[in-house]
Amino acid sequence: MICITINKHMALSLNKPKLDNLTNEIWKSAERLRGKFKAYEYQAVILPIIVIRRLECVLLSWREVRRIEILSKHPKLTEKEVTKRVKDIELNPKQSPFSNKTTWTLRKVYEEDHTLLEENFRAYINGFSKNVDDIIEHFNYRATIGTMVKNNRLAPILNQYKDMELGPGRLSGLEMGYIYEELLRLFSQQSGEEDHLWTFLADTQSETIRKLAEDYGTDARDEVFRALKDELKRSPLWLIIRHGLKVRGVVFRLFYPKPRSEQSEAGRFYDRNRITFRPHFYFGDKHEKVDLVLFLNGLPIAALELKHEAGSQGWNVHNAVEQFAQRDHAQRIFQLPFLYIAADTSDVMVATDPRRVQNFRWFNTGLSNQPINEGEYPVEFLYREVLSKERLLEALSFFLIHVPKRDATVEQPEHPAFSLFPRYHQSRMVRKVADAALEHLASTGNIGRKFLINHSAGSGKTLSICWLADRLHSLYKPGTNEKLVDMVVILTDRKSLDKNIRDDIEKFAHLKDVVGLAKSSGDLARFLKQRTSIIVTTQQKFAWILEQIEHDPELKTRRVAFLIDEAHRSQEGQLGAAIRLPFRNSDEPDAEDAKGEGDDEEEIARIIREHDNNQLFVAFTATPAPATVTLFGAAFDTYTEAEAIEEGYIVDVASSILSYRTLYNLHCPLAMPDKEFPKATLAKALRNVAFQDDELIQYKAEVMLRIFDEQVKPLIGGRAKAMIVATSRLAGLRYFQILKEKLRERGAGYKALYAFSDFTHPETNEAISEHAINELDAGELIEDRFEREDYRLMIVANKFQTGFDQPLLAGMFLDKAVVDRNAVQTVSRLNRCHDGKDTVVVVDFTNNAQAIMRAFTKYRKGSPYEPGEPDGLQCETLYREILAADVFTQEDAQELVLLLTSKNDARIQTKVHELRLRFQGSIADHELRRGYVHLLARFVKSFQFLSCFFSYDYFIREFADFADCIGPQLVKAGTVSDMMKMVRATTVVKAAVLDQGEVTLVGSRKSPGGKARKSGGVPLMKVSVQDMISEIREAHEISDDEALYIKEVTEEKIADEGIKSTVIAHHDDGVYLNYVFKERVNRMIQDAYSVRGLDEELGDPKYYEDGAIFDIMAMTVIGHHLPQGAHL
C-alpha cells in the first residue's frame, strides 16, 4: 500500500510538458529512418539505443561517484590508477548492478574513425555485462546494426544520441519509465496498425499473399503498403476499404461486409474483421492528441473528441467541434478516417471532413437524446449503437457515398470530391424499413406492406429516398439468394422529374448502371421492358405502371417497391387514386394544372387488392393528411419540423407574418339565372375577380416593392430574393407586367420573373407562354434563370409552391389563400438554409395570417392525426339510411347499372330523367333535396375509400355505382360556361387593403374574421350565384351548407361513446371540461372537418378563434351529456 501511494504521488508530480518535449525530440529521430526502414521496424532501431544511452548515463554517473569516493580516501592516486580501481569495482557483480568492460562510450565511438564505426560500436555493446546483454539480445539489436550500416543510418543515430541527457541527474527512474512507455505507445501506434492489417490479410487471403510472394518474396508486405500509399493519393481510405486494394495484379479485400446473400464470400470472413481503438491518440511534433481513434483491421475509420459539461472547463460538443476545426489538417489522422465525431454527455455532431466547423452536423436521436438503459448517459446510443462493429461496417459497406470532383461548367460551379454520411434519422429510417420488409417477407412470403415516413422539410428527404432505394435494391431474403424486391420505382410529384431526386441519385455513382431516369413515356416503357432495377418517374405515371403490371404476366409476378415523394398531396389528387385504387388514362399529361377524368376506382380496388402482396409502398411526407394516415397507418419514422429548426437545417419561417386585409365588394349586372353552380369552383372564381382587379394589384405591388426594398433585399448580405404567390395565372400576369414596369421606372437594378403553366388569355385569345414572356433561352429552365444575381423577384401561379429549393429566398408575398398543409408547404419554400440567412419576411394579403400560424403549430411536431381503423360498417349504415328515405330502391340500382353496362346513352339518360322526376316528387323541400344528394355523395366516397380495406357484397358495390351516376344529376347544375359568363360580368365596385400589423406564432394578436377559400376538397353542394355573392358580402354569416356540416359533425360527436363516457366521469370537474377537454373535443371536430375536406372552414377565423364556431360546437357536445341542471 505504501509503494502504491508513493507511486501515485510521484505520478502526480511528473513534469509532463518537459517529458513530452523530450519524447518528441526522440520521436523526431525516427523520421530519419523513413524510406530506409519499414514503419514497424522503427522501434527496433530507436528503443535499444535509448536503453543503451540511459544505461551509459547511469554507468557514467555511477563511475563518477565511485571516482570521488576513491579520491577522497586516496588523494595521491593518479587518474589512471583511480580509473582502474573504478573499473575493478564495476566488473565485480557484487559491487555493481551492471558493467561494460570497454572504455567506449557513444561519443567516443562516433568520434573515432568512421570506417571502423560498426566494429567499434559492436565492441562497445559486446562489452556490457550479461544482464544488459540479455536486454540487447531481446531487441535482436546486433542484426539491426547491420541494417543500419547498410542503410547509412548508424552514424546519424549515434550522433543524435551520443550527448542526449538521459542520466539520473536529469531524469528519475519513474520519468525515464514514462518516456519509454510513451515511445512504446507511439511506435506501436505507427507500426501496430500495419501489423493488424497484415495479420488480417494473412488470415483471410493467404492464397493471394502466396501469389504475390511468388514474384516479390519477402518484399510482398512492402508492396501491399506501397500500393496503399499510392492509392491514397487518388481515393479516400474508406473507398479503398470498400472496393479493395489492387497490388501488382492481385486484389486484396481490406474488410468483409455483412453478407447480403447465401452466396456472398463475405459470409466466411465477416467475423474476422477486427475493430480496435486507441484512447489518447498522439500526433504531430507538438505531441497533440485526439481522445479516441477507432481502427478496422489496422486502418483508422473514426476519430472522436469527447467532452464533459461538468467541471471548471465545462466543455461541450461545440468545443469538440472547434478542436477538430483548429487542428493541423495536414496530419494523416485528419485525412484518413471517414467519420469525425464530436460529443459531450448529451449531444453528438459528426462530419466526414473536420476542417470547418460548418461541416459538422447534428447527429441526435431527436430533440433530446435519452439513455437506452437506466444509469447511462443520454448519448448512450452513440457508444452502444453507432460505434458498434455492425453499424461501422454497415456504414462502410453501404451508407457512405463518394461524390467525385465536378469541374466547373456554364451551368454549375466546380465542387471538390467529398463524402456523404447520413444523418441519424436517415439511417434509422432506411434500416427500419428494410428490416421490417425483410421480416415480413420471411414470415409471409410477400412484401405487401405500407410505410408512412413523416420527415420534415430540411430532413434531406431526397437523399433518404435514394438511400432507401439503394438498400431495398441490394437486400436478399435471409439465408437465401432470393432478392427482397425485383424493382424499385421512385415517384415524384414534380414536373419533368424532380430536380432534387435527379441530382441526388446521380451522387450514387455506383448505381448508374441500374437506375433509369424516365424523362418521357417512352423511357418508362423501355425501362419496364428491360426490368431496370431502379426507375425514377413522375407520380402521374403511377397508374400507367400499375396497368402494365396488371397486363404483363411476367411483371405481375415481380416484387415492386414504390417510394412516393410527398404522399400527402397524392392522397387528394391523381396519385391518391393510383395508390388507393388507381387507373387513369396513361396518356395524361404531366402538368401541374392538368384535370384528369374520373377514376374507375372499383376496377382499381380490385387490382390493388390482387397485387398488394407483391407491392411495397413507402410514402414520404412532411404534412400527412388524415386520409394518408388512415391508408398507411401511423408514421413509421418521424423527423419533425421542430427538430429541423432546432438543428439548424431549416430556417423558422413562421415566427411572424405581416398581415394585410383585402376588402372588396362585387357587382354582377346580369340577371341571375335559375341555376346553381359548384360552390367551391364559384367561390374561387369570384375571389379571383377581386384579386385580379388592376387597381388592387397596382396598390399591392407598390406595397410589395416597398417591403422588399426595405426589409427583404438587405438580407443574406444583400442577395435575398422573394416569391409572390398570385391567386391565378391572370393575376400573376398582371403582377408581372406591373412590377416589370415599376422596376424599369425606378431603375431598380434587379428584375422579376413569372413562373406558370402556359395558357390562353380568356379576353384576347393570345397564347401566354412562360418561356416567351420571360425571354428564356432555348432549353433554359426558369428556376435556373432565377439563380442569377440580377433576378430577385419571382411571381408564381400554381407553380413552385412545393418542391422548389432556392436558399436565397427570404421573402414571400401571399396574394393567394393557403390553408392547413398547403400553407405549411408554400411558406416553407423560404426555409432552406444559406450562409447569413437567419431571418425571413412573410406578408399575407388574404386575411389568412392566423390560419397559417395555426397550420404550422399543427404540424411542427409531426402528424397531428392518429391512425384509425377504417369502419367497415360505415358503408352499410349509409346504405340503409338512403333506402330508409324511400326515394330509390335496390331494384332501381340494378336496372340503371345494367343500362350502364350496355353503354346505350339514350336509354341511360331516359332512366336518369325518370329517376330525377321521382326524386323531385318525393322530396319537395330544397334543403332536404340537397341533404339527400349529400348523403349519396358521402356513401360513394365512403365506399371508394373503404373498399381498399374491406370486401363488400355485390349489392353494395352495385348501389355505389348507381349513386355515383345518379347523384350528380339529380339537381341540374349550370354549365361552367354559364357560370363563367356571370363571373366575367362581375366587377369590383369597392376595394381596400388594410395593414393589420404583425401576427406571431404564439398568437399575440388575433386577426379579424375573414374567409380564406381554396378549390377542391368540399363535397359538391350547390348554391346560386346571387347567394354566393351575398355570402361574400356578409363574410361572417354561415351558408346553409355550412349549417348542414355543423349539424352533421356535432351530432357525430354527440354520438361518440368516448366523449360521452369522459363527460359523465368528469361531470363535476368544470375546469377540466371547460378548458382541457373542450380543447380536445375542438380538435376532434376540426379533424372531422379535415376528413370531409372542409379546408375552407378550417382556415376561417370565425370557426377557429376562441369562442367561435368550433368552440360553440365543442361546448354543445359536452353539454349534451351533462346531468340535468349541471352547468360548466
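The values are calculated or read from the model by the stated rules, or taken from the named source; none is laboratory data. Everything quoted here is computed from the prediction, not taken from an experiment. Glycine also receives a Cβ, built like all others from the backbone with ideal geometry; neighbour counts cover every protein chain displayed.
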- Query: Filter the range 378-410 for residues that are among the hydroxyl-bearing types (S, T, Y) and under 23 Å from F324 (Cα atoms); which is surrounded by the fewest Cβ atoms within 10 Å (Cβ to Cβ)?
  - Reply: S388
- Task: Check whether at least one residue in the range 446-454 is basic (K, R), in the same structural domain as L555 (by TED's automatic domain parsing) and under 25 Å from the mean Cα position of the chain (by Cα), and report yes or no.
- Result: yes
- Message: For the range 359-402, give me each residue that is under 26 Å from I505 (Cβ atoms), polar (S, T, N, Q) and within 17 Å of the chain's Cα centre (by Cα).
- Response: N359
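Taking the range 221-256, which residues are at pLDDT below 90 and touching a helix residue (DSSP H, G or I) at 6+ places or on another chain (Cβ under 7 Å)? Walk me through it before giving the result.
Of all residues in the range 221-256, those at pLDDT below 90 come to 221-222.
Across the range 221-256, the qualifying residue is only R221.
Take the conditions over 17 Å from D565 (Cβ atoms) and assigned by TED's automatic domain parsing to the domain that holds V560 and apply them to K519. Does it pass? So that I can check it myself, show each step before the final result.
Values: over 17 Å from D565 (Cβ atoms): no; assigned by TED's automatic domain parsing to the domain that holds V560: yes.
Judged against the criteria, K519 is not a match.
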- Note on the structure: Among (1) modelled with pLDDT of 80 or more; (2) touching a Phe, Trp or Tyr at 6+ places or on another chain (Cβ under 6 Å); (3) farther than 21 Å from A851 by Cβ, M1115 falls short only on (2)
- Could you please find all residues in the range 330-373 being in contact with a Pro (Cβ under 7 Å, 6 or more places away or on another chain) and closer than 24 Å to D835 by Cβ? F334, Y340
- Considering each residue of the range 6-59, count those that are basic (K, R), assigned to a helix (DSSP H, G or I) and modelled with pLDDT under 70, and give that number. 2
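In the list T480, T532, T537, which residue meets the criterion of being in contact (Cβ under 8 Å) with a residue 40 or more places away in the chain, of a type outside the set (F, W, Y) and part of a strand (DSSP E or B)?
Values: T480 fails: part of a strand (DSSP E or B); T532 fails: part of a strand (DSSP E or B).
Of T480, T532, T537, the one residue that is in contact (Cβ under 8 Å) with a residue 40 or more places away in the chain, of a type outside the set (F, W, Y) and part of a strand (DSSP E or B) is T537.
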- Note on the structure: Note on the range 704-737: residues among the β-branched types (V, I, T), closer than 23 Å to D784 by Cα and either touching a helix residue (DSSP H, G or I) at 6+ places or on another chain (Cβ under 8 Å) or crowded, with 23+ Cβ neighbours inside 10 Å (or both) are V712, I724, V725
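Return the residue satisfying two criteria in turn: it lies in the range 941-986 and is under 43 Å from the mean Cα position of the chain (by Cα) and at pLDDT 85 or above, and of such residues it is surrounded by the most Cβ atoms within 10 Å (Cβ to Cβ).
Going through the range 941-986, the residues under 43 Å from the mean Cα position of the chain (by Cα) turn out to be 941-952, 957, 960, 964.
So of that shortlist, the ones also at pLDDT 85 or above come out as 957, 960, 964.
Details: R957: 18, A960: 26, D964: 20.
Of everything passing the filter in the range 941-986, A960 is surrounded by the most Cβ atoms within 10 Å (Cβ to Cβ).
The rows are residues; the columns are (1) within 23 Å of G169 (Cβ to Cβ); (2) free of Cβ contacts under 8 Å to residues at least 12 places away in the same chain.
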position: E56; (1), (2): yes, no
position: K73; (1), (2): no, yes
position: K76; (1), (2): no, yes
position: K80; (1), (2): no, yes
position: L106; (1), (2): yes, no
position: R122; (1), (2): no, no
- Out of all the residues in the range 501-519, which are in a helix (DSSP H, G or I), more than 15 Å from S474 (Cα to Cα) and free of Cβ contacts under 8 Å to residues at least 60 places away in the same chain? R502, D503, D504, I505, E506
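Go through the range 168-179 and count every residue that is closer than 15 Å to E56 by Cβ and in a helix (DSSP H, G or I). Show your work before the answer.
Taking the range 168-179 as the starting set, the residues that turn out to be closer than 15 Å to E56 by Cβ are 168-171, 176.
Among the residues that remain, those that are also in a helix (DSSP H, G or I) are: 176.
Residues in the range 168-179 being closer than 15 Å to E56 by Cβ and in a helix (DSSP H, G or I): 1 in total.
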- Note on the structure: Restricting attention to the range 204-259, the residues that are over 23 Å from D271 (Cα atoms), among the small types (G, A, S) and not in a helix (DSSP H, G or I) number exactly 2
- Is there a residue in the range 72-81 that is assigned to a helix (DSSP H, G or I), out of contact with any Phe, Trp or Tyr (no Cβ under 8 Å at 6 or more places or on another chain) and surrounded by 15 or more Cβ atoms within 10 Å (Cβ to Cβ)? no
- Item | Residue among R929, R916 that alone is touching a Phe, Trp or Tyr at 6+ places or on another chain (Cβ under 8 Å), surrounded by 12 or more Cβ atoms within 10 Å (Cβ to Cβ) and not small (G, A, S) | R929
- Among the candidates R242, R234, residue that is out of contact with any Lys or Arg (no Cβ under 7 Å at 6 or more places or on another chain) and surrounded by 20 or more Cβ atoms within 10 Å (Cβ to Cβ): R242
- Residues of the range 354-370 that turn out to be surrounded by 16 or more Cβ atoms within 10 Å (Cβ to Cβ) and in contact with a helix residue (DSSP H, G or I) (Cβ under 9 Å, 6 or more places away or on another chain), as a count: 8
- Query: Is it the case that some residue within the range 131-143 is under 60 Å from the mean Cα position of the chain (by Cα), surrounded by 14 or more Cβ atoms within 10 Å (Cβ to Cβ) and of a type in the set (A, V, I, L, M)?
  - Reply: yes
- Item | Residues located in the range 915-940, provided they are touching a Lys or Arg at 6+ places or on another chain (Cβ under 9 Å) and closer than 30 Å to K450 by Cβ | R938
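Which of the residues spanning the range 732-759 are of a type in the set (A, V, I, L, M, F, W, C) and more than 36 Å from the chain's Cα centre (by Cα)? Before you say what the answer is, go through the steps one by one.
Within the range 732-759, the first condition is being of a type in the set (A, V, I, L, M, F, W, C), and the residues that meet it are 733, 736, 738-739, 743, 748, 752-753, 755-756, 759.
Passing the criteria: L733, I738, L739, L743, A748, F759.
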- Note on the structure: Flagged in the range 69-114 as more than 30 Å from I50 (Cβ to Cβ) and small (G, A, S), in numbering order, are S72
